[in-house]
Every structure is written in C-alpha cells, then in structure tokens.
Amino acid sequence: MVMILGLDGYTLVHVAISLIGIGAGFIVLGGFLADARLDGAVHTYFAMAVATDVTGFLFPFNGFLPSYAVGIISLIGLAIAIYAYYAARLAGPWRSVFVISIVAALYLDVFVLIAQTVLKNPALLALAPKQSEMPFVGVQAAALVTFVVLGAVSLSSFRDARR
C-alpha cells in the first residue's frame, strides 16, 4: 500500500484511520458511561483500531521503535476485547475485561496521538524535543489519569444494556 500511495498518501490514510478509530472509541466510552451498548460504534472502533495498528507496522522499518511495542500491546488488548465481545458475549467477568481492554487500547491510541502531535508540530517539539521534558510528561500523565478515572467509572457504570 505504501508503494501505491507513496509515503505521504499512506501517512494520510493511516492518520485518517487513527482519528476515526479514536472518535469511535470515545463514542464507545461514552456508551460505557451511559450504560448503553453501542454496537455500531464498537464494530467501527474494533475495525479502525486494528487497522491503525496494522498500518502502523507497514511504514518503512528503521529498527524496532517504541511505537511498535505500543502497537503490539494494543493488538493484544484488542484481541482480548474482541474475544470478550464476540465469543464470550460480555458474560460474567468478560464484561469487565471488555471495558478494561477497550479503555486501555483507546488510551494507547491517544498516547500515540499526543506523541505524534508533538513530533509533527515544530512549536510543540520546541517545548519537548526529547519527549521527556515536563510539558510532554505532564500532558501524557494527565491523559493517563483521565483514562484511569474514565475506566474506573466505566466499570461501575456499564452493566451491559442487554440484560
């Protein structure tokens, strides 16, 4: 696909898929908070999140990067969520496994979004050129805390609307 679209075109497709997936993921998360099972958003999130991870591996390889580790962890979490949703049908403890897996995978998507936004924006990159400076760490820490809180609230809120 990279050869067909060129690297810039491929990057644009990858980013579009990623943003659609993140948007769908937030809709799913909103469903958790409202105790609503939003099947269409779940299907879209699964498709776009897996596509994001897979297309991320198809960029030119320049050694094993942290983004590859994040992609592998995300795919494992998504595989667990997909099993919980389709095979286990959210029965018993699989509901909690599903919620935790979705929230964790969405957090990883947002983590990468933040990192890539800093890398691609010269003004932000000037604030955190090594991505270990306080502005970058602070934003990533705030995102992590936000997702931990949203995950905890989701676990208590989402009881699966199809009882």
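The values are calculated or read from the model by the stated rules, or taken from the named source; none is laboratory data. Keep in mind that this is a model prediction, so the values were computed, not measured. When we count neighbours, we look across all protein chains shown, and the Cβ atoms used for this are built from the backbone with ideal geometry, even at glycine. Accessible surface areas use protein heavy atoms only, side chains included; no ligands, DNA or RNA. Shrake-Rupley method; radii C 1.70, N 1.55, O 1.52, S 1.80 Å.
The residues listed here are Ile22, Ile72; of these, the one that is without any contact (Cβ under 8 Å) to a residue 40 or more places away in the chain and within 17 Å of the chain's Cα centre (by Cα) is Ile72. Residues of segment 24-46 that are small (Gly, Ala, Ser) and under 15 Å from Ala104 (Cα atoms): Ala24, Gly25, Gly30. Just name the residue that is most open to solvent (accessible area, probe 1.4 Å) out of those in segment 85-95 that are in contact with a helix residue (DSSP H, G or I) (Cβ under 8 Å, 6 or more places away or on another chain) and more than 18 Å from Gly30 (Cβ to Cβ). Looking at residues that are in contact with a helix residue (DSSP H, G or I) (Cβ under 8 Å, 6 or more places away or on another chain) and more than 18 Å from Gly30 (Cβ to Cβ), I get Trp94.
Checking the stated criteria, Val153 turns out to be under 22 Å from Leu29 (Cα atoms), among the hydrophobic types (A, V, I, L, M, F, W, C) and assigned to a helix (DSSP H, G or I). Of all residues in segment 18-75, exactly one satisfies the criterion of being in contact with an Asp or Glu (Cβ under 9 Å, 6 or more places away or on another chain), of a type outside the set (Asp, Glu) and surrounded by fewer than 16 Cβ atoms within 10 Å (Cβ to Cβ), namely Ile72. Among the candidates Leu113, Leu124, Leu106, Leu119, the residue that is under 22 Å from Val15 (Cβ atoms), open to solvent by 60 Å² or more (accessible area, probe 1.4 Å) and in contact (Cβ under 8 Å) with a residue 60 or more places away in the chain is uniquely Leu113.
Considering only residues in segment 127-163 that are open to solvent by 70 Å² or more (accessible area, probe 1.4 Å) and in contact with a helix residue (DSSP H, G or I) (Cβ under 8 Å, 6 or more places away or on another chain), the one that is nearest to Ala84 (Cα to Cα) turns out to be Arg159.
The residues of segment 64-89 that are more than 16 Å from Asp109 (Cβ to Cβ), hydrophobic (A, V, I, L, M, F, W, C) and part of a helix (DSSP H, G or I), listed by number, are Ala84, Ala87.
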